[in-house]
Each structure stands twice: as structure tokens, then as C-alpha cells.
1. Applying the selection to segment 61-71, what residues are surrounded by 13 or more Cβ atoms within 10 Å (Cβ to Cβ) and either out of contact with any helix residue (DSSP H, G or I) (no Cβ under 8 Å at 6 or more places or on another chain) or in a loop (DSSP other than H, G, I, E, B) (or both)?
2. What tally of residues in segment 77-92 results from selecting those that are surrounded by 15 or more Cβ atoms within 10 Å (Cβ to Cβ), in contact with a strand residue (DSSP E or B) (Cβ under 6 Å, 6 or more places away or on another chain) and closer than 20 Å to residue 10 by Cα?
3. Filter segment 77-108 down to residues that are in a loop (DSSP other than H, G, I, E, B) and in contact with a helix residue (DSSP H, G or I) (Cβ under 9 Å, 6 or more places away or on another chain) and give me whichever is farthest from residue 22 (Cα to Cα).
4. Would you say residue 74 is assigned to a loop (DSSP other than H, G, I, E, B), crowded, with 19+ Cβ neighbours inside 10 Å and in contact with a helix residue (DSSP H, G or I) (Cβ under 6 Å, 6 or more places away or on another chain)?
5. When the residues of segment 1-38 are narrowed to those that are closer than 22 Å to residue 83 by Cα and in a strand (DSSP E or B), which ends up modelled with the lowest pLDDT?
6. Of the conditions (1) closer than 14 Å to residue 2 by Cα; (2) surrounded by fewer than 17 Cβ atoms within 10 Å (Cβ to Cβ); (3) at pLDDT 95 or above, residue 45 satisfies every one except a single condition; which number is it?
7. Taking the residues in segment 59-76 that are in contact with a strand residue (DSSP E or B) (Cβ under 9 Å, 6 or more places away or on another chain) and in contact (Cβ under 8 Å) with a residue 24 or more places away in the chain as candidates, determine which candidate is farthest from residue 17 (Cα to Cα).
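The values are calculated or read from the model by the stated rules, or taken from the named source; none is laboratory data. Since the structure is predicted, the reported quantities are computational estimates derived from the model, not experimental observations. Glycine gets a Cβ as well: all are built from the backbone with ideal geometry, and neighbour counts include every protein chain shown.
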């Protein structure tokens, strides 16, 4: 399930209170963002212990967050684990789901569930 970030306070609460989180920085005009959106949604269904969030970079509410993460291209995905280590990936490939299952296994020590 995807969690929509409503505002900066909502982001801070989720970021600070969750061990494993994946952020998807996206925009409506971004073709690759639109193409990967259903794959991101599908990926989120494999994990109960990871929060998946989308942040629309066009919303001025998130300007500081976008600067803090140095978002330069779209889509950009940020993965945080329980040790507060970050892994940042830009772009989306045809093998998005398999790529991220591996990243989440290695970075967050989380195995996906079967659907």
C-alpha cells in the first residue's frame, strides 16, 4: 500500500517513526514516473514492514525536503533502513520490481512475502 505524504509534518512523522521506508519523488509530467507508479504500488504489496510513500515534487510544501535530499532527476527513490542508512536510486528500469526486492533485502533486511 502506498502512503501519500500530505505535508511536511506528515513527512517528518513518518520519516522519524518508521524503521524502513521508501520514498518515491515524482511529478505528473514525468513520463518515467507515471510508468513506474503501478510497479511501485505492486512492490509495496510485497512488504508489511516497509512504508512506501510518494512525494510530488511540484507541491511547494515539499521544497525543503526536495532540497534536503538533493533531488536532481526523476523518479528518485530513497530507501531508509532501521540504522538510518540511506540508499538513493534515480530512474526506473524494466526490472524495477526485481531490482527493488534485492535492494530491500540487502538494505532493509526484509524479505518479500508471496502474493
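1. Residues satisfying the conditions are 66, 69, 71.
2. Of the residues in that region, 4 qualify.
3. 93
4. yes
5. 3
6. Residue 45 satisfies all of (1) closer than 14 Å to residue 2 by Cα; (2) surrounded by fewer than 17 Cβ atoms within 10 Å (Cβ to Cβ); (3) at pLDDT 95 or above except (3).
7. If we take residues in segment 59-76 being in contact with a strand residue (DSSP E or B) (Cβ under 9 Å, 6 or more places away or on another chain) and in contact (Cβ under 8 Å) with a residue 24 or more places away in the chain, then 74 is farthest from residue 17 (Cα to Cα).
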